[in-house]
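Enquirer: First the structure, then my questions, so here it is.
The values are calculated or read from the model by the stated rules, or taken from the named source; none is laboratory data. Predicted, not measured: the structure shown is a model, and the values here were computed from it. Backbone-built Cβ (ideal geometry, glycine too); neighbour counts: all protein chains shown. Heavy atoms of the whole protein, side chains included, go into the accessibility calculation; ligands, DNA and RNA do not. Shrake-Rupley method; radii C 1.70, N 1.55, O 1.52, S 1.80 Å.
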Amino acid sequence: MTLRVVIGIDKGTSTLKTAAIDVASGRSVAEAGAKTPSSFPHPGFHEEDANSTWLAVASTIRTVVGALPEGAAIVAVGVTGHMGGVWAIDESGEPVRPAICWPDSRAVSILDRVVRADDDKRMFAIGGNAVVPGTPYPLLAWIKEHEPENYRRISTFFMAKDYVNYRLTGVIATEESDLSFAPCDLAGRHRSDELFEMFGLDDALEKLPRVGRSTDLLGYVTENAAAETGLPVGTPVGAGTGDATANMLGTGATADGQAVTTLGTSLMNGTSTDHPIFEPEGVGFGFLMPDGRWQRQISNSGGGTLCLDWVVETFCPEIVERIAAGETTLGDVVDAAIANTEPGAGGLLFHPYLNTAGATAPFVDVNARGSLVGLAPDMTCDHMIRAVLEGTAMSIRHCYESMPVPIGTIRLTGGGARSRVWAQIISDALQKTILVPDVSESGALGAALLAAVATGEFPDLDTATEHTIPIGRVHEPNPANANLYDHIFALYRQTLPALRQLWPLLARARTIASV
């Protein structure tokens, strides 16, 4: 039987990943990765040379195609990528300037100016997204103000995955999920002219390309792209989707109320819904999902595996040395810490806001910082590690409880999902069933499944996800821990008002100390 594969490409902020997905099983049969060629020319700037990024993507595709068994058939290509930013091309299809990526903060002053004039509540009411500087409309306003010649040369702007699609097919287009940031009327599921007009960008309205559906067939691999990637000429390419949507699809969360937590450097909590959600106001993000669905996402950008790395590296130097010497692994260290301590970490409470930009969920506070409350002299690194795992679980619970929709089972993905004990703590803290899908690259898989639907390999997206995404582990909540974690969560919430009063004072102290 001929192996039929879809190539899924995930153009990430820091890494590029390409995988060949077996259509029959959903399993990855070949993978390749590379670092994203980013640059930081000035403080707060985050850019990419678009051509260099394409060459890196093409290289990973060549590696995957070369690793396929003889006779394997590549039936389609699907692309996902980080959302936001500006990838601008001129009339000849060449990049106008280096691409600007979503973490870029150069447009903060422009954003502040518009918010003061127009009130960010109106922006959120239209787009359902927290007001952040790395979205296309403030970035385009920055280019218009600081690089007027470049602005005049822009024929089209789109997002990261759209540029990869353009290099694969020559087609200039975007689709509904990336429209969510560029700019979107979330409830109406169409472009928002009003958001552009707020930023003085009336003349940019027509620079946004055609917007299709995520399940559409976009085009076909060109001869030039085939020569660069090793893909067969004429291979179908799907419209693709933004990474937030791809990760939801790649873990099987498509139905109303199905939730996904990505436990990576950041802590992303999203749920699929059958209607747009605008609560909590001014916080989090709303994205368009395929098939007339929406996604509500509340993300703690400093509350994930970054916290675990920090506590081990800062307080446990002997463990760091053992890991570096190959005598143990971080996973083994975490398992031992949980075995050596009781739930509740001896009364140690951790708030996971280890982000110099402050808290982003489920409230916004630029001064927020992490805290360990309740330290005692008999506590060890094990207590701190457990406190971090439990504090992260409390943040997840806090985020989901801020959403005005019932949450059922939660799918857990990201690097932290590999830890059985961490997944169990999350299950106990939320008293929810945690499913850990047995997939290696959920973003690439989500993009691949959309392409498979676009080319008729599956009749619809629900069938595709049900057929290809096995659940590797199931963590059921331990009822014996419910009361304890309810108590800890109450303390976690009760301490926040006091901390929020202290945070600006501490920020002032840092400023004085640095002078």
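Enquirer: Determine, yes or no, whether Asp185 is of a type outside the set (Lys, Arg), touching a residue at least 40 places away in the same chain (Cβ under 8 Å), touching a Ser or Thr at 6+ places or on another chain (Cβ under 8 Å) and open to solvent by 10 Å² or more (accessible area, probe 1.4 Å).
Expert: Here the answer is yes, as Asp185 does meet what is asked.
Enquirer: Test Ala429 against the criterion of being modelled with pLDDT of 95 or more, in contact with a Lys or Arg (Cβ under 8 Å, 6 or more places away or on another chain) and buried (at least 21 other Cβ atoms within 10 Å of the Cβ), and give yes or no. Can you show your working first?
Expert: Working: modelled with pLDDT of 95 or more: yes; in contact with a Lys or Arg (Cβ under 8 Å, 6 or more places away or on another chain): yes; buried (at least 21 other Cβ atoms within 10 Å of the Cβ): yes.
Yes: the conditions hold for Ala429.
Enquirer: Related question: Would you mind finding the one in Ala490, Ala513, Ala452, Ala498 that is closer than 23 Å to Ala19 by Cβ and of a type outside the set (Val, Ile, Thr)?
Expert: Matching residue, one of Ala490, Ala513, Ala452, Ala498: Ala452.
Enquirer: Kindly check whether there is at least one residue in the stretch 450-457 that is surrounded by 20 or more Cβ atoms within 10 Å (Cβ to Cβ) and out of contact with any strand residue (DSSP E or B) (no Cβ under 9 Å at 6 or more places or on another chain).
Expert: No, the stretch 450-457 has no match at all.
Enquirer: Anything in the stretch 215-234 that is of a type in the set (Val, Ile, Thr) and open to solvent by 70 Å² or more (accessible area, probe 1.4 Å)? List them, or say none.
Expert: Here is the first cut: in the stretch 215-234, the residues of a type in the set (Val, Ile, Thr) are 215, 221-222, 229, 233.
Answer for the stretch 215-234, where residues must be of a type in the set (Val, Ile, Thr) and open to solvent by 70 Å² or more (accessible area, probe 1.4 Å): just Val233.
Enquirer: Does Tyr166 satisfy being open to solvent by 20 Å² or more (accessible area, probe 1.4 Å), assigned to a helix (DSSP H, G or I), aromatic (Phe, Trp, Tyr) and more than 27 Å from Val115 (Cβ to Cβ)?
Expert: Taking the combined requirement at face value, the residue satisfies it.
Enquirer: Can I ask one more? Looking at the structure I just gave you, is Glu206 modelled with pLDDT under 95, open to solvent by 20 Å² or more (accessible area, probe 1.4 Å) and more than 19 Å from the chain's Cα centre (by Cα)? Lay out the reasoning, then the answer.
Expert: Details: modelled with pLDDT under 95: yes; open to solvent by 20 Å² or more (accessible area, probe 1.4 Å): yes; more than 19 Å from the chain's Cα centre (by Cα): yes.
The answer is yes for Glu206.
Enquirer: Taking the stretch 344-363, which residues are modelled with pLDDT of 80 or more and part of a loop (DSSP other than H, G, I, E, B)? I'd like the intermediate steps shown before the answer.
Expert: Filtering the stretch 344-363 down to residues modelled with pLDDT of 80 or more leaves 344-354, 359, 361-363.
Residues satisfying the conditions are Gly344, Leu348, Pro352, Tyr353, Leu354, Ala361, Pro362, Phe363.
Enquirer: Please determine whether any residue of the stretch 366-382 is among the hydroxyl-bearing types (Ser, Thr, Tyr) and surrounded by fewer than 16 Cβ atoms within 10 Å (Cβ to Cβ). Spell out how you get there, then give the answer.
Expert: In the first step, residues of the stretch 366-382 are kept if they are among the hydroxyl-bearing types (Ser, Thr, Tyr); the result is 371, 380.
Checking which are surrounded by fewer than 16 Cβ atoms within 10 Å (Cβ to Cβ) leaves us with 380.
Within the stretch 366-382 (the criterion being among the hydroxyl-bearing types (Ser, Thr, Tyr) and surrounded by fewer than 16 Cβ atoms within 10 Å (Cβ to Cβ)), the answer is yes, since at least one residue qualifies.
Enquirer: Same structure, new question: Run Gly414 past the list (1) surrounded by 21 or more Cβ atoms within 10 Å (Cβ to Cβ); (2) within 26 Å of the chain's Cα centre (by Cα) and report the number of the one that doesn't hold.
Expert: (1)
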